[in-house]
Amino acid sequence: MQMPFCPKLWSSAAPAPAQPGSVVINGTVVVTNHFGLSAPGKSTTLRLFSGTEVDHETRKGRLSAEAALRGGKKTRHGKASTTTYQVTFFVDGEFGTPGAVAVKNGNRNDQFFLRHVRLDLAEDRSIHFDCNSWSYLPDKTPEALRLLREEELRSLRGNGRGERKDWERIYEFDYYNDLGNPDNDDHVRPILGGTKTHPYPRRCRTGRPLSETDGVTETRKHKLINLDYYIPPDERFSPGKLAEVLAMGVQAVTHFVIPEARSIFHGDVVNFKSTEQLRADLYGKPPQPAADARVMEDLKSSVPSRKTYKQVSRIVKDNPAKFPTPQVIHYDTEAWRSDEEFAREMLAGLNPVVIKRLEVFPPNKSKITTDDIMTQIGGLTIQQAMEQKRMYILDHHDYLMPYLRRINTEGVCVYASRTLLFLRDDGALRPVAIELSLPDGGVGGGEISRVFLPASHGTDAHLWHLAKTHVAVNDSGYHQLISHWLFTHATVEPFIIATRRQLSAMHPIHKLLDPHFKDNMQINTLARSILLNAGGLLEKTMYPGKYSMEMSSDIYAHWRFTEQSLPNDLIKRGMASRDPKARGGVSLHIEDYPYAVDGIDVWLAIEGWVRSYCDHFYHADAAVAGDAELQAWWDDVRRVGHGDRQGDAACWLDLDTVAGLVETLSTLIWTASALHAAVNFGQYGYAGYPPNRPTRCRRFVPLPGSPEMAQLEADPGRFFLETVPDRFTATLGIALIEVLSNHTSDEVYLGQRATSTWTDDGEVLLLLDRFRDELRRVEKRVEERNKDPRLVNRRGPVRVPYTLLYPDAGDVAGKEKGITGRGIPNSVSI
C-alpha cells in the first residue's frame, strides 16, 4: 500500500528513552524505492494498535505512542531496490499483541511505497506486516481491530465530490465520460454507461473538471503522451514497468509512426508495392537506436520524475528499435494464405472465442444455399452435417449491420460477414462459403449479399482471397474492441473498484483476488487516453473508427457474467455439450480445439485452487450468505459497477453458497488471467503481419464486368495491397500491438505471488503450492500436445505451436520478457 511521505530522510538519531514500566518493541520498516517517490520524512510516524486489548473509550485496540524512523540503509528485496529503517515503540505492560500499524504523515504532496514492517517481540517471536498479510472474515476479526477495519473501508469509498488528488486512495464509480471532446465537432462521442441507450461497465472516478461546453464530458489534456490523470496509488505501474512501457511507446512512435507520417506529408507512396517490399521495409531494416527529440521532450513534461525520464532514455538507447518477424511468416511467408490456416486461427489464433456451431441453416437473411456447399461436406446433407456437429460459423453479421451505413461514410469499405466451415475427418476446419452483406438503399432493413466459394485458380481464387480478407477485417475489429478490450479490460475494472470499496484488505477474498487486479486500472486509463479516445489509435487503425466504443456498448448490452466461465462460454457457442463424465464437465465437439483443450486444463486448475481456498475459510453456505462485506461487494458489482446489466436476472449468480462463490471467483480470475492471455499475447505473432489480419479495407470486392474487376484481373497483388490498410495505418497498428504483446519484467504469472509473505497462513501456502504444481502438469500436457502430429490445429501450415495458454508457472526470477507468445500473467496488466 502507498502512503504519503516527506522529502527529507531521517537522521540516525537514537530513539527516545523508554519510560519506566514500558515495554520496548523494536522493528524494521522496508520502503520500496520508486521513481518519482522519495522516502519517509520527519513528519512520518508510526503507531501500533493492539490486536488483543481494547481501549474501551475509543473501542479500538490500545494505541502505542508515536515512533519515528531511524537510519535509512539501502537494501534489496528480490528484484526490488529498497531502503530499510529502524523503529522503536514503547508500549505499556498491558498492551497485548500488536495487530495493526498506523502510518501518519504531515505532508500529503509526496508519497512513499511501504513494503513491510517487522516487529521483534520477546522470546524470539516476531510479527511480519506484509501490507495486509493477515486474513480475517468480518465476524472473525479481533474486536480490537474491527472499528479500524470499518474506518479504512469508509475512507476508501470517498464521497463522490471534488477532484481526486494524486495522493488520495479513493475508489468511486464513474461513467465513460472522458472519451470525447465537445469543443471539437469531429471528436464528440456519447457518454457510455448509465443509460439504456449506451450501457457500459463503470470505470474509476477521477473527479476532473467537466467541459464548459456540454457540462458532462470530463476534460483532458491533449498530448502525445498523456500521464495527467488520477489513478489510486495502489493501482499504478511499478516504476520499472512504467519506464518499459513508455520506452516501447517512444520507440514505436519514433522509428515507425513518425517516418510514415512524414512520407504522407511529403506526398510519398503510401501503399506497399508488394508483400516482398512490405516484409523488407517492416522487418528487414537494421535496428534504430535514436529517439525523436520532440517525442522525448513531450515525455519529459509528462513523466512523474526525472529519474523515470532517465530510465526511459536508457532503455531506448540500450534496446534499438526493430519490428521482429511475426511468427505467422517465420517458417513460410505464404502459408497464411491457405484456407486451412484461415480456419485454424479461429480455433488457435488470437481470437478463438467467437466461432460457433451452426445449428440453423440458412442463417437469418442469408443467401447461402444448399447448392453452394453440398459438394464440400463429405457427401452429407447439411442437416446430417449439423446433427453430427460438423458445421460451424464465424458470424460477424447481426451486430455490425446497423452500423455499416455510417462506418462506410468514413473512408472505409466494410461488409458484415458470415463464414461457414465444415469439420473434416482429420479434425481441421474447411471454409465452405463466405457471405458478405451490405444494407440496401432502402429504409426497410434490406440487404445486398454476395456469396463466395473456395477456389484455387483464376479470378475466382482472387475473389475468394478478397472475401477472406474482409472476414479477417471484421474479426480483427471484434477481437480488439470486444474480445480483448470489453470482455477483459473493461468488465474486470468494476470488480476491482468494488473489491477496494467493500472488502477489507484483511478479507481473505480480497487477498485471493488482489494479484489478479495488478495494473488493470492504469492500463485502462492509458487506453482511454490514447487508444479509445476520440481520434485515438484504435479509431485511426480499426474499421469501426469513430463508432468503435458505441458499437462495443451495444454488444455489452447482451453480456452476462454467468456466461464468462470457459465451460459456459463453450456451451453457449455450441462448441461443447455438458457432460458430467467429461473433463471439466463438458464434451468438446472439436477435439482438436487448442484454445478449449488447454483452456479446460487451466480452468480446472483455477477452479480447484479457488475451491480449496474458499473451503478453508467458509465451512458452510451460511457463512457465505452471512458475510456482510462479501454481500456488499457483490451488491456493488451488480448494482453499480455493472449496474446497466442488473435488470437481466440471468446475468448474475446468487452469492449465497460456497459453490456459487467458487464459480464467481473462478470466472473472474479466469477472465483476468487466462482469457486475457489467450486474446492478447498472440497479437503480434499473427497480426504483426498486416496482410494476415488487416484492420480495415479501402476497397470493396469488385463486381463482375466493372472497371475494378479489370484491375483485379490485371494485377491481383496490387489490388489486394490497395484494399488492406496503407503503409501509415498498417505501421501504426503494428506499433500498437507490439507494445500490447510484450511481457514486462515485473510480470507475475498465474500461480505466483509477488512476495512469499502475502499470507501468514501455512495451510493456504500449501494450497498455493498445489495449484502451482497442477499448472506445471498443465504445461507438460501442452508440450505433449504440440508434439503430437495427429493434432493438426496445434501448429497448422504456419508451424506456430499453440502456447498462449501455457501457464509458465516457474520461479519469477529469470522470466523471459518481451514478445514470447506464452505465459499467463495473473492480471489484465497490458
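The values are calculated or read from the model by the stated rules, or taken from the named source; none is laboratory data. A quick note: this is a predicted structure, and the numbers were derived from the prediction, not measured. Reconstructed Cβ throughout: ideal geometry from the backbone, glycine too, with neighbour counts over all protein chains shown. Keep in mind that these areas ignore ligands, DNA and RNA; they rest on the heavy atoms of the full protein, side chains included. Shrake-Rupley method; radii C 1.70, N 1.55, O 1.52, S 1.80 Å.
Some observations on this one:
- In region 23-157, Cα pairs under 8 Å separated by at least six residues give a relative contact order of 35 percent.
- Leu46 sits among other residues whose Cβ lies under 12 Å from its own Cβ, and their net charge, with Lys and Arg +1 and Asp and Glu -1, is +2.
- Each peptide among 620-628, 138-146, 387-395 gets the average number of other Cβ atoms lying within 10 Å of its residues, and from highest to lowest they stand as 387-395, 138-146, 620-628.
- For region 23-157, the convex hull spanned by the alpha carbon atoms encloses 138 Å³ per residue.
- Nearest-ten-degree value, helix 658-670 long axis tilted from longest Cα axis of the chain: 70
- According to the Kirkwood relation over distinct C-alpha pairs, the hydrodynamic radius of the chain is 28.7 Å.
- When the solvent-accessible area of region 416-478 is split by element, carbon and sulfur atoms take up 54 percent of it, the probe being 1.4 Å.
- Qualifying lysines (Cα of each under 19 Å from Cα of Lys307; at least 8 residues distant if same chain): Lys8, Lys74, Lys79, Lys241, Lys317
- Relative packing of peptides 357-369, 732-744 - highest average C-beta neighbours within 10 Å first: 732-744, 357-369
- Estimated from helical segments only, the mean residue ellipticity of the chain at 222 nm is -10000 deg cm²/dmol, where each DSSP H run of four or more residues counts as -39500 (n - 2.57).
- Taking only the C-alpha atoms of region 708-789, Rg followed by Dmax gives 24.2, 74 Å.
- Region 518-609 - Kirkwood radius from inverse mean 1/r over Cα pairs (Å): 15.9
- Estimated distance in nm for a label pair at Asp281 and Asp460, the labels positioned 7 Å out from Cα along Cα-to-Cβ: 3.5
- 3J(HN,Hα) along region 187-202, derived from phi through the Karplus expression 6.51 cos²θ - 1.76 cosθ + 1.60 where θ = phi - 60°, amounts to 10, 6, 9, x, 6, 9, x, x, 9, 5, 6, 10, x, 6, x, 8 Hz, with x in place of Gly and Pro.
- Protection proxy ranking of 643-651, 328-336, 70-78, by the mean of other Cβ atoms within 10 Å over each peptide's residues and highest first, is 328-336, 643-651, 70-78.
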